[in-house]
Structures are given as structure tokens and as C-alpha cells.
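**Student:** This is the structure I want to talk about, given as C-alpha cells.
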Amino acid sequence: MSDPLVTRMHPYGETIFATMSALALEHDAVNLGQGFPDTDGPVQVLEAAREAISAGHNQYPPSVGIPGLRAAIAEHQQRHHGILLDPSDEVLVTSGATEAIAAALLGLVEPGDEVVTFEPSYDSYSAGIALAAGVKRAVPLTFPDLTVDPDRLAAAFSDRTKVVLLNTPHNPSGKVFTREELELVADLARRHDAWVISDEVYEHLTYGVPHVPIATLPGMHERTLTIGSAGKFFSVTGWKVGWISGPAHLVRAVRVVKQFLTFTTASPLQHAVAAALRMGPAPLTDLSDSLRARRDLLVDGLAASGFSVRPSEGTYFVVADAAPLGVTDAATWCLDLPAATGVAAVPVSVFCDDPAPTATLVRFAFCKQESVLHEGCRRLAAYTG
Ligand code: PMP
Ligand code: GLN
């Protein structure tokens, strides 16, 4: 029998995160693969969700999101970035950043339109572009320095470019784009009259470098949609509450699509996230301080096991080169790793159309408890040792 799945989705089977978490469970491995915190978010945030359920916020909220959350998102963008938004039509609540990405691509990209993105890129980008029947034009970020090559960037643009899909801080690499790099992107987007979809879910998870929203560069607000996620802000990845904001005409394109994907997003969780965003900077700075220490712990542990590590400036992730350990194919190596060592990790090649340049690179997540990271490092050292 032929495969009923539409052809353009054939390359996208099970996500690497599902595969690796299942292997981690099967082998009782330390899961440094899928990026989710192994501790809960702030207790007040969890309590706010319980209270919202008890208060009866259990029926469909407005499709665009509850007014209190849209206002809190607009306040956040103003407080942190000086971006002024009208919460009535310039902010849309989504079911996670994943829905925001898919709905934005489906709302902006006609079949055959080109979407410029950096590679490696978060796994839902290729799949989202395929859903919209767009054409991906990938600009490689080359390890270990990962700087943007202006010529390769310019070469990815054409008169078919409709969208630039940007991610900073960047999953899987941990790179935070510099202002100069973002200016290069902005200049090309303006010259080619392209929209920018900027995935900034890790904006508060930077370690000693500034996060620059591309919407704050001259002339960029009017062509940029910016995406955030409560999962990443407040360590509640299972809640799947995200948002997208920008000028009304762009937000409308996403809103039209969102109505027919999920229509709306879980009501009590929206109330809780609105409360969380109004708790001030403490939950956000506490998380980034504690993640920075855990990043250092993992980077040191991986280096001690013989990996060549690129210290990460942001996100939950660090990328390590396993070539010094004699690894030539990290994709196969990572599939064997949970059984062989009791540790799960993710090969970087799964984030790329062309796996060759990243064949020996492995992504490790450090959003885990210190004791878990210590145990993961101990197991890796015993294996490589
Ligand atoms: N973008 C990036 C870069 C991510 O790493 C993730 C998931 N961790 C998402 C989007 C999806 O976020 P959400 O869980 O809010 O859908
Ligand atoms: N974004 C998370 C990661 O990169 C995983 C999200 C998911 O499992 N879809 O690990």
C-alpha cells in the first residue's frame, strides 16, 4: 500500500526529540537530548494556573488570546525592548511557539515562495516551510565560530524571497546573533522586501551577551513578527502557551490561520502566564543565572571527556564535537549512546538538510538539575575514559 502521507512531508517522520526521549526512557539514561527543564517553574506561576481553573476560566477564550495576557505581552515587549504594541491587534496568543511558527509560515508564504533561514535550524522550520509548500534557502552557520558569512547570506536571497525565518538565541548551537549580523539580515530583508519571522523564545536565556530583537533595528518593526514562549520563560514547556507580535497587518495574517489550526489556546494557562509576566524580572533573571552555572558545569564535563566544546552564549544547549573521540557519524553514535553509556543527546545533523558539515557534532541540553548533569558527565567520562 502506498504511503498516505502527502509527499512534501515524507522527510519528516518522528521528531528527533521524541526518538531520543523514548530511547532515554528505555535505557534509563540521563536525558540531555530533549530540551525541557527537569524541575517545575516558579510555584506562584503554578498556583496561578490552579487558581484560574478554580475561578472557572475553563471555556473557550477569545481566539486571539485573553485581553490580560495580550496586554502583559505588550508590556513585556515595551519594558524589555522599547517596542510599542497595541494589544488589541498587534499581539496574538498561540499554542506554543510551534503554532506561531507554523501559522506565520502558512499565513505569509505562497507555494513556491522562498524562505531564507540559517542552518542548522530548529526542526520545525523545515517542516513548517514544507507545510506551506515554500522553498527553503539555507545559509550555513559553520562550526565552531558560527559567524554569519555576508556573501553566503546575500546569495540565499532572490526575487522569490518572501520570508526570513530567524532564531536568536539559536537552537541548537547556543549562538546569540550580534547586532552587526542582524543588521546584515535586516538590510537584505529591506532590499528584497521580505518579511522577518523572528523566533526569540530563548530571549531571556543569554549568558553575558545582549539579546537584540531584530524588530528594534531601523525600519524593521513594520516587517517583523516576533515570537515568544512561556514554556521557555517560566520552565513550563508542557503548557504550550506562546505568542507572536508585530504590526497589525502581519499579525492578522497569522490570526486568520490560527483560527483554523487550534482556534484558541488553553484558557487557565493564559491567565497564569499573564500573572507570570507581571511578576517582574526575578523569575527570568533567576532562571538565566542558574542555567549559566549549569552550562559551565556541562561544558567542563564534556571537555573533560574529550569533546571539543563550543561554549554556548544562550538557550538550553551546548554543541560539542565528538570527532576527537574518533566519532565520524554522530547520528548513529547518538542512537547507540543511551544503551552504551546511559546518556541521551541529539546529533546536530538532524537540524540540517545537508548533514555532512555537522556530521560529528552533538547537542547536549543543560536545562537539567546539577546532580543530573554531574551524573551525565560521570557516565560519559566512564565511557570515553
Ligand atoms: N523555537 C525554538 C527555537 C525552540 O527551541 C522551541 C522548543 N523548544 C520552539 C520554538 C517551540 O516552543 P513551544 O514549546 O512554545 O512550542
Ligand atoms: N525545543 C525542544 C528541543 O529543542 C524540544 C521540543 C520538542 O520536543 N518538540 O529540544
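**Student:** Scan the stretch 177-208 for residues that are within 16 Å of ligand 2 (Cβ to nearest atom) and touching a residue at least 40 places away in the same chain (Cβ under 8 Å) and jot them down.
**Tutor:** Hits for the stretch 177-208 are D199, V201, Y202, E203, H204, L205.
Residue by residue, here is whether (1) more than 21 Å from A74 (Cα to Cα); (2) at pLDDT below 95; (3) away from ligand 1 (no atom under 16 Å from the Cβ) holds:
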{"position": "E183", "(1), (2), (3)": "yes, no, yes"}
{"position": "A186", "(1), (2), (3)": "yes, no, yes"}
{"position": "D193", "(1), (2), (3)": "yes, no, yes"}
{"position": "L225", "(1), (2), (3)": "no, no, no"}
{"position": "V241", "(1), (2), (3)": "no, no, no"}
{"position": "F260", "(1), (2), (3)": "yes, no, yes"}
{"position": "Q270", "(1), (2), (3)": "no, no, no"}
{"position": "A275", "(1), (2), (3)": "no, no, yes"}
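**Student:** Given the conditions (1) away from ligand 1 (no atom under 16 Å from the Cβ); (2) among the small types (G, A, S); (3) under 27 Å from R294 (Cβ atoms), report the number of the one that G246 does not fulfil.
**Tutor:** The number of the failed condition is (3).
**Student:** While we're on this one: Would you confirm whether or not the stretch 302-309 contains a residue that is within 24 Å of the chain's Cα centre (by Cα), aliphatic (A, V, I, L, M), away from ligand 1 (no atom under 16 Å from the Cβ) and not in a helix (DSSP H, G or I)?
**Tutor:** Checked the stretch 302-309: at least one residue is within 24 Å of the chain's Cα centre (by Cα), aliphatic (A, V, I, L, M), away from ligand 1 (no atom under 16 Å from the Cβ) and not in a helix (DSSP H, G or I).
**Student:** Given the structure, is V135 more than 16 Å from ligand 1 (Cβ to nearest atom), farther than 28 Å from L269 by Cβ and β-branched (V, I, T)?
**Tutor:** yes
**Student:** Further question on the same structure: Would you point out which residue out of V148, V163 is more than 16 Å from ligand 2 (Cβ to nearest atom), over 13 Å from the mean Cα position of the chain (by Cα) and part of a loop (DSSP other than H, G, I, E, B)?
**Tutor:** The unique qualifying residue is V148.
**Student:** Moving to a separate point now. Could you list, in sequence order, all residues of the stretch 198-210 that are surrounded by fewer than 20 Cβ atoms within 10 Å (Cβ to Cβ) and either closer than 21 Å to V115 by Cβ or within 13 Å of ligand 1 (Cβ to nearest atom) (or both)?
**Tutor:** Passing the criteria: none in range.
**Student:** So which residues in the stretch 157-180 are surrounded by fewer than 22 Cβ atoms within 10 Å (Cβ to Cβ) and under 23 Å from V348 (Cβ atoms)?
**Tutor:** Within the stretch 157-180, T178 is the sole residue that qualifies.
**Student:** Go through the stretch 361-376 residue by residue and tally those that are in a helix (DSSP H, G or I) and either within 16 Å of ligand 1 (Cβ to nearest atom) or open to solvent by 50 Å² or more (accessible area, probe 1.4 Å) (or both).
**Tutor:** Of the residues in that region, 4 qualify.
**Student:** Separate question: What number goes with the only condition from (1) open to solvent by 30 Å² or more (accessible area, probe 1.4 Å); (2) more than 20 Å from V241 (Cα to Cα) that P62 does not pass?
**Tutor:** With (1) open to solvent by 30 Å² or more (accessible area, probe 1.4 Å); (2) more than 20 Å from V241 (Cα to Cα) applied to P62, the lone miss is (2).
**Student:** Can you tell which of L146, L131, L153, L106 is in contact (Cβ under 8 Å) with a residue 60 or more places away in the chain, open to solvent by less than 40 Å² (accessible area, probe 1.4 Å) and hydrophobic (A, V, I, L, M, F, W, C)?
**Tutor:** None of the others qualify; the one that does is L146.
**Student:** Shifting gears a bit: Tell me yes or no: at least one residue of the stretch 235-242 is on the phi > 0 side of the Ramachandran plot and in contact with a helix residue (DSSP H, G or I) (Cβ under 9 Å, 6 or more places away or on another chain).
**Tutor:** Yes, because at least one residue in the stretch 235-242 is on the phi > 0 side of the Ramachandran plot and in contact with a helix residue (DSSP H, G or I) (Cβ under 9 Å, 6 or more places away or on another chain).
**Student:** Here's a follow-up. Look through G306, G326 and report the one residue that is free of Cβ contacts under 8 Å to residues at least 12 places away in the same chain and closer than 25 Å to T142 by Cβ.
**Tutor:** After applying the criteria, what remains is G326.
**Student:** Out of L32, L23, which single residue is touching a Phe, Trp or Tyr at 6+ places or on another chain (Cβ under 9 Å) and of a type outside the set (V, I, T)?
**Tutor:** L32
**Student:** Within the stretch 15-49, how many residues are over 10 Å from A344 (Cα atoms), more than 12 Å from ligand 2 (Cβ to nearest atom) and without any contact (Cβ under 8 Å) to a residue 40 or more places away in the chain?
**Tutor:** 2
**Student:** If you don't mind, another one. Consider V176 carefully, then state whether it is under 30 Å from A248 (Cβ atoms) and touching a Ser or Thr at 6+ places or on another chain (Cβ under 6 Å).
**Tutor:** Considered against the rule, which asks whether it is under 30 Å from A248 (Cβ atoms) and touching a Ser or Thr at 6+ places or on another chain (Cβ under 6 Å), V176 comes out as yes.
**Student:** Another question, then. Return yes or no: is L297 among the hydrophobic types (A, V, I, L, M, F, W, C), touching a Lys or Arg at 6+ places or on another chain (Cβ under 8 Å) and assigned to a helix (DSSP H, G or I)?
**Tutor:** No; evaluated as a whole, the condition is false for this residue.
The values are calculated or read from the model by the stated rules, or taken from the named source; none is laboratory data. This one's a predicted model, so the numbers in the text were calculated from it and none came from an experiment. Note: ideal-geometry Cβ built from the backbone for every residue, glycine included; neighbour counts use all protein chains shown. Accessible surface is based on the protein model in full, side chains and every heavy atom, while ligands, DNA and RNA are left aside. Shrake-Rupley method; radii C 1.70, N 1.55, O 1.52, S 1.80 Å.
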